[in-house]
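Values in this text are rule-based calculations from the coordinates and carry no lab data. The structure displayed is predicted, hence computed values, not measured ones. Note that we place each Cβ from the backbone using ideal geometry, even for glycine, and neighbour counts take in every protein chain shown.
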Amino acid sequence: MNDEKLTQRLLALLTEVAPDIDPATVRLDRDFRDQFDFDSMDLFNFATSIVQTFGVDVAEKDYRRLLSIEKAAEYLRNKPAAS
């Protein structure tokens, strides 16, 4: 998956988890918590969506690496798919 498609898919997952977020206003490089009300349950749901969508295992200790679109994309680019 190219970077543009990955970014768009992550934005779609984010707005599924938090439908009140307008994807057009999301700053890709800023932590979600710095942009809008994004709590630990939202982060858990976002991580779960990533696991289901991309077939990767995400350890709870890695959740902080998913706190922005750019961080999540980098994490996924460097993570092999689950077997």
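Things worth noting here:
- The ranking of Ile21, Ile50 by Cβ neighbour count inside 10 Å, starting from the fewest, reads Ile21, Ile50.
- The value given for segment 27-72 is a Kirkwood hydrodynamic radius of 10.7 Å, derived from the mean inverse Cα-Cα separation.
- Dividing the alpha-carbon radius of gyration of the chain by the rule-of-thumb value 2.2 N^0.38 Å gives 0.99.
- Projecting the Cα atoms of Ile69, Phe54, Leu13 onto the charge dipole of the chain (Cβ charges, centred on the Cα centre) puts Phe54 farthest toward the positive pole.
- Here the contact order of the chain, divided by its residue count and restricted to Cα pairs under 8 Å and six or more residues apart, works out to 34 percent.
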